[in-house]
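For reference, the structure is listed below as C-alpha coordinates.
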Amino acid sequence: MHARLQDFARALRGDGLQLVAPVSSGRAAALWIGRGTAARALRGTATLVVCGSGGRAHWETLAPAQQTRAHPIDAAGWAAIDRALPLLPPRSRRLPNDVAQSFDLRRLAEAAGFGKVSPYLHLLLHPEFGSWVSLRGVVAVPEPIGDVAPTDFDPCTSCDRPCLSSCPAAAYAPEQPFSAQRCGRHRLQEQRPAEPCADFCRVRLACPVGRDHAYSAAEYRHRHRANLASIREYWAHRPPPTEP
(Lines give C-alpha, C1' and ligand atoms only; values in the text may rest on other atoms or scores of the structure.)
Protein backbone atom coordinates (compact mmCIF):
# COMPACT_ATOMS: atom_id res chain seq x y z
CA MET A 1 0.00 0.00 0.00
CA HIS A 2 1.21 3.50 -0.84
CA ALA A 3 2.78 5.18 2.22
CA ARG A 4 0.37 8.14 2.16
CA LEU A 5 -2.59 5.80 1.90
CA GLN A 6 -1.25 3.80 4.85
CA ASP A 7 -1.09 6.96 6.96
CA PHE A 8 -4.60 7.95 5.89
CA ALA A 9 -5.99 4.50 6.71
CA ARG A 10 -4.23 4.48 10.09
CA ALA A 11 -5.80 7.83 11.00
CA LEU A 12 -9.29 6.65 10.05
CA ARG A 13 -9.02 3.50 12.14
CA GLY A 14 -9.02 5.73 15.21
CA ASP A 15 -12.51 6.86 14.21
CA GLY A 16 -13.79 3.35 13.62
CA LEU A 17 -13.39 3.51 9.85
CA GLN A 18 -11.25 0.43 9.37
CA LEU A 19 -12.07 -0.27 5.71
CA VAL A 20 -9.98 1.85 3.34
CA ALA A 21 -8.89 0.82 -0.15
CA PRO A 22 -8.08 2.38 -3.54
CA VAL A 23 -9.86 1.86 -6.86
CA SER A 24 -8.44 3.23 -10.09
CA SER A 25 -10.59 5.89 -11.72
CA GLY A 26 -10.84 3.73 -14.84
CA ARG A 27 -12.45 0.86 -12.97
CA ALA A 28 -14.62 3.23 -10.93
CA ALA A 29 -15.96 4.96 -14.06
CA ALA A 30 -17.58 1.70 -15.16
CA LEU A 31 -19.70 1.82 -11.98
CA TRP A 32 -21.16 5.27 -12.63
CA ILE A 33 -24.99 5.25 -12.58
CA GLY A 34 -25.72 8.95 -12.09
CA ARG A 35 -26.59 11.78 -14.41
CA GLY A 36 -23.93 13.29 -16.58
CA THR A 37 -20.72 11.42 -17.18
CA ALA A 38 -18.16 9.83 -14.93
CA ALA A 39 -15.40 11.48 -16.96
CA ARG A 40 -16.64 14.91 -15.95
CA ALA A 41 -17.04 13.97 -12.28
CA LEU A 42 -13.61 12.31 -12.18
CA ARG A 43 -11.69 14.92 -14.18
CA GLY A 44 -8.20 15.17 -12.71
CA THR A 45 -8.71 12.03 -10.61
CA ALA A 46 -6.47 8.98 -10.88
CA THR A 47 -7.66 7.03 -7.83
CA LEU A 48 -10.75 6.83 -5.68
CA VAL A 49 -10.22 5.86 -2.06
CA VAL A 50 -13.26 4.10 -0.64
CA CYS A 51 -13.76 4.55 3.11
CA GLY A 52 -16.08 2.47 5.24
CA SER A 53 -16.77 0.95 8.61
CA GLY A 54 -17.39 -2.63 9.65
CA GLY A 55 -19.42 -3.75 12.63
CA ARG A 56 -19.99 -1.47 15.63
CA ALA A 57 -16.62 0.33 15.71
CA HIS A 58 -17.66 3.63 14.13
CA TRP A 59 -20.85 4.02 16.16
CA GLU A 60 -18.97 3.31 19.37
CA THR A 61 -16.64 6.27 18.75
CA LEU A 62 -19.63 8.64 18.90
CA ALA A 63 -20.44 10.35 22.16
CA PRO A 64 -23.96 9.70 23.52
CA ALA A 65 -24.96 13.26 22.64
CA GLN A 66 -23.88 12.70 19.03
CA GLN A 67 -25.91 9.50 18.74
CA THR A 68 -29.17 11.39 19.29
CA ARG A 69 -28.64 13.82 16.39
CA ALA A 70 -30.40 13.50 13.06
CA HIS A 71 -27.52 12.09 10.99
CA PRO A 72 -24.62 11.47 13.39
CA ILE A 73 -23.06 8.60 11.44
CA ASP A 74 -22.78 10.61 8.23
CA ALA A 75 -21.53 13.75 9.96
CA ALA A 76 -18.91 11.92 12.04
CA GLY A 77 -17.67 9.88 9.07
CA TRP A 78 -17.28 12.92 6.82
CA ALA A 79 -15.53 14.87 9.58
CA ALA A 80 -13.07 12.01 10.17
CA ILE A 81 -12.25 11.77 6.47
CA ASP A 82 -11.82 15.54 6.16
CA ARG A 83 -9.43 15.59 9.12
CA ALA A 84 -7.28 12.88 7.55
CA LEU A 85 -7.24 14.34 4.00
CA PRO A 86 -3.91 16.20 4.47
CA LEU A 87 -2.23 12.79 4.79
CA LEU A 88 -3.09 12.02 1.14
CA PRO A 89 -1.42 13.69 -1.88
CA PRO A 90 -2.15 17.41 -2.37
CA ARG A 91 -5.50 18.32 -3.97
CA SER A 92 -7.16 15.15 -2.73
CA ARG A 93 -10.80 15.83 -1.91
CA ARG A 94 -13.77 14.04 -0.48
CA LEU A 95 -16.47 13.73 -3.12
CA PRO A 96 -19.74 15.50 -2.25
CA ASN A 97 -22.34 13.00 -1.15
CA ASP A 98 -24.49 13.41 -4.27
CA VAL A 99 -21.48 12.69 -6.49
CA ALA A 100 -20.40 9.68 -4.42
CA GLN A 101 -23.93 8.30 -4.64
CA SER A 102 -23.80 8.60 -8.42
CA PHE A 103 -21.69 5.45 -8.32
CA ASP A 104 -23.14 2.03 -7.57
CA LEU A 105 -21.61 2.13 -4.10
CA ARG A 106 -22.11 -1.56 -3.41
CA ARG A 107 -20.17 -2.44 -6.55
CA LEU A 108 -17.57 0.23 -5.81
CA ALA A 109 -16.98 -1.36 -2.41
CA GLU A 110 -16.77 -4.74 -4.13
CA ALA A 111 -14.20 -3.31 -6.54
CA ALA A 112 -12.24 -2.05 -3.52
CA GLY A 113 -11.99 -5.63 -2.25
CA PHE A 114 -14.37 -5.13 0.68
CA GLY A 115 -16.36 -8.26 -0.12
CA LYS A 116 -19.02 -9.61 -2.45
CA VAL A 117 -22.48 -8.26 -3.28
CA SER A 118 -24.96 -10.99 -2.40
CA PRO A 119 -27.19 -11.98 -5.34
CA TYR A 120 -30.00 -12.50 -2.81
CA LEU A 121 -29.64 -9.79 -0.18
CA HIS A 122 -28.21 -7.31 -2.69
CA LEU A 123 -25.98 -6.09 0.15
CA LEU A 124 -22.21 -6.17 0.32
CA LEU A 125 -21.00 -9.13 2.41
CA HIS A 126 -17.56 -8.70 3.96
CA PRO A 127 -15.57 -11.85 4.88
CA GLU A 128 -15.33 -10.74 8.52
CA PHE A 129 -18.15 -8.24 9.04
CA GLY A 130 -20.80 -9.79 6.81
CA SER A 131 -23.54 -7.33 5.88
CA TRP A 132 -22.63 -5.05 8.79
CA VAL A 133 -20.60 -2.72 6.57
CA SER A 134 -21.37 0.84 5.53
CA LEU A 135 -19.53 3.26 3.28
CA ARG A 136 -18.79 6.60 4.87
CA GLY A 137 -17.15 8.46 1.99
CA VAL A 138 -15.19 8.43 -1.24
CA VAL A 139 -12.03 10.48 -1.79
CA ALA A 140 -10.74 11.57 -5.18
CA VAL A 141 -6.93 11.54 -5.41
CA PRO A 142 -5.15 13.20 -8.36
CA GLU A 143 -2.39 10.60 -8.66
CA PRO A 144 -2.16 6.81 -8.72
CA ILE A 145 -1.72 5.45 -5.20
CA GLY A 146 -2.64 1.84 -5.82
CA ASP A 147 -5.42 -0.43 -6.96
CA VAL A 148 -6.73 -3.69 -5.54
CA ALA A 149 -8.19 -6.85 -6.97
CA PRO A 150 -11.75 -7.80 -6.03
CA THR A 151 -11.91 -10.61 -3.49
CA ASP A 152 -12.91 -14.13 -4.51
CA PHE A 153 -15.01 -14.42 -1.35
CA ASP A 154 -18.35 -16.04 -2.30
CA PRO A 155 -20.46 -16.92 0.75
CA CYS A 156 -23.86 -17.41 -0.90
CA THR A 157 -23.14 -20.31 -3.24
CA SER A 158 -23.05 -22.98 -0.54
CA CYS A 159 -25.43 -21.27 1.91
CA ASP A 160 -28.94 -22.59 2.60
CA ARG A 161 -30.12 -18.93 2.42
CA PRO A 162 -32.16 -18.41 5.58
CA CYS A 163 -32.42 -14.77 4.55
CA LEU A 164 -34.93 -15.52 1.79
CA SER A 165 -37.58 -16.93 4.13
CA SER A 166 -37.14 -14.28 6.85
CA CYS A 167 -38.89 -11.29 5.26
CA PRO A 168 -42.52 -10.80 6.41
CA ALA A 169 -43.18 -8.74 3.29
CA ALA A 170 -41.80 -11.42 0.93
CA ALA A 171 -39.56 -8.76 -0.60
CA TYR A 172 -36.86 -11.36 -1.24
CA ALA A 173 -37.28 -14.54 -3.28
CA PRO A 174 -34.99 -17.01 -5.08
CA GLU A 175 -34.03 -15.91 -8.58
CA GLN A 176 -35.96 -12.65 -8.15
CA PRO A 177 -34.71 -9.08 -7.63
CA PHE A 178 -35.36 -7.39 -4.30
CA SER A 179 -38.83 -5.81 -4.30
CA ALA A 180 -38.52 -2.29 -2.91
CA GLN A 181 -42.27 -1.92 -3.49
CA ARG A 182 -43.17 -4.77 -1.14
CA CYS A 183 -40.65 -3.69 1.47
CA GLY A 184 -41.79 -0.06 1.32
CA ARG A 185 -45.49 -0.93 1.46
CA HIS A 186 -44.97 -3.11 4.53
CA ARG A 187 -42.86 -0.58 6.36
CA LEU A 188 -45.22 2.30 5.59
CA GLN A 189 -48.06 0.52 7.39
CA GLU A 190 -48.85 1.63 10.93
CA GLN A 191 -46.28 -0.31 12.95
CA ARG A 192 -47.21 -2.06 16.18
CA PRO A 193 -44.56 -1.81 18.96
CA ALA A 194 -43.82 -5.51 18.57
CA GLU A 195 -43.32 -5.28 14.80
CA PRO A 196 -39.58 -5.84 14.25
CA CYS A 197 -39.51 -4.10 10.88
CA ALA A 198 -39.84 -0.82 12.76
CA ASP A 199 -36.38 -1.17 14.27
CA PHE A 200 -34.42 -3.79 12.32
CA CYS A 201 -34.51 -6.07 9.30
CA ARG A 202 -35.07 -9.79 9.92
CA VAL A 203 -33.43 -10.63 6.61
CA ARG A 204 -30.13 -9.01 7.51
CA LEU A 205 -30.12 -10.65 10.93
CA ALA A 206 -30.76 -14.06 9.36
CA CYS A 207 -27.56 -13.93 7.30
CA PRO A 208 -24.94 -16.10 9.06
CA VAL A 209 -21.93 -14.18 7.70
CA GLY A 210 -20.38 -11.83 10.26
CA ARG A 211 -23.22 -12.31 12.73
CA ASP A 212 -20.95 -11.49 15.69
CA HIS A 213 -20.45 -8.00 14.27
CA ALA A 214 -24.14 -7.04 14.08
CA TYR A 215 -24.97 -3.48 15.07
CA SER A 216 -26.04 -2.88 18.65
CA ALA A 217 -29.78 -2.52 19.23
CA ALA A 218 -29.38 1.26 19.62
CA GLU A 219 -27.39 1.69 16.43
CA TYR A 220 -29.62 -0.55 14.35
CA ARG A 221 -32.74 1.20 15.66
CA HIS A 222 -31.25 4.55 14.74
CA ARG A 223 -30.22 3.44 11.24
CA HIS A 224 -33.48 1.63 10.51
CA ARG A 225 -35.71 4.47 11.66
CA ALA A 226 -33.68 6.94 9.61
CA ASN A 227 -34.20 4.66 6.62
CA LEU A 228 -37.94 4.55 7.32
CA ALA A 229 -38.02 8.36 7.41
CA SER A 230 -36.39 8.38 3.97
CA ILE A 231 -39.00 5.92 2.67
CA ARG A 232 -41.80 8.12 4.00
CA GLU A 233 -40.26 11.22 2.43
CA TYR A 234 -39.83 9.45 -0.92
CA TRP A 235 -43.47 8.33 -1.07
CA ALA A 236 -44.97 11.50 0.43
CA HIS A 237 -45.79 13.00 -2.99
CA ARG A 238 -46.14 9.78 -4.97
CA PRO A 239 -48.84 7.14 -5.27
CA PRO A 240 -48.42 4.58 -2.49
CA PRO A 241 -46.29 1.56 -3.41
CA THR A 242 -48.29 -1.32 -4.86
CA GLU A 243 -47.59 -4.88 -5.88
CA PRO A 244 -44.78 -4.94 -8.46
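Between residue 60 and residue 205, the simple label model (points 7 Å from Cα in the Cβ direction) yields a spacing of 2.0 nm.
Remind me, what semi-axes does segment 133-194 give for its equivalent ellipsoid, largest first in whole Å, using sqrt of 5 times each Cα gyration tensor eigenvalue?
Working: eigenvalues 237, 82, 23 Å².
After scaling each eigenvalue by five and taking roots: 34, 20, 11 Å.
A Cα-only calculation for the chain places Rg and Dmax at 18.4, 53 Å. With contacts taken as Cα pairs under 8 Å and at least 6 residues apart, segment 31-145 reaches a relative contact order of 45 percent. A convex hull fitted around the alpha carbon atoms of segment 1-104 yields 106 Å³ per residue. Placing R0 at 30 angstrom, the Cβ-Cβ distance between residue 122 and residue 230 gives a FRET efficiency of 0.95 after rounding to 0.05.
How would you order 33-41, 179-187 from highest to lowest mean count of nearby Cβ atoms within 10 Å?
On the way: 33-41: 12.6, 179-187: 18.3.
Ranked by mean Cβ neighbours within 10 Å, highest first: 179-187, 33-41.
When a/c reaches 1.5 or more, the comparison of a/b and b/c decides; with that in mind, is segment 57-133 rounded, prolate or oblate per its Cα gyration tensor?
Details: a/c = 1.86, a/b = 1.21, b/c = 1.54.
Judged from the Cα gyration tensor, segment 57-133 comes out oblate (a/c at least 1.5, b/c at or above a/b).
Once the Cα-Cα distance is subtracted from the 0.36 nm per residue extended length, the residue 180 to residue 30 segment shows a gain of 51.5 nm.
Per residue of the chain, what 222 nm ellipticity follows from adding -39500 (n - 2.57) for every DSSP H run with n ≥ 4, rounded to the nearest 500? Intermediate values should be presented prior to the final figure.
Details: 11 runs with 85 residues, N = 244.
Calculated from helices alone, the mean residue ellipticity at 222 nm is -9000 deg cm²/dmol.
Using a/c under 1.5 as the rounded threshold, could you call segment 62-196 rounded, prolate or oblate? The axes a ≥ b ≥ c are square roots of the C-alpha gyration tensor eigenvalues, and prolate needs a/b larger than b/c, oblate otherwise. Note, shape of segment 62-196 comes out oblate. In segment 41-95, what percent of the accessible surface is made up of carbon and sulfur (1.4 Å probe, ligands and nucleic acids excluded)? The nonpolar share, carbon plus sulfur, comes to 55 percent.
The values are calculated or read from the model by the stated rules, or taken from the named source; none is laboratory data. Quantities reported herein were computed from a predicted structural model and do not represent experimental measurements. Quick reminder, even Gly has a Cβ in these numbers, built from the backbone with ideal geometry, and neighbours come from all protein chains shown. Each accessible area value is taken on the protein alone, full model and side chains, heavy atoms only, with ligands, DNA and RNA left out. Shrake-Rupley method; radii C 1.70, N 1.55, O 1.52, S 1.80 Å.
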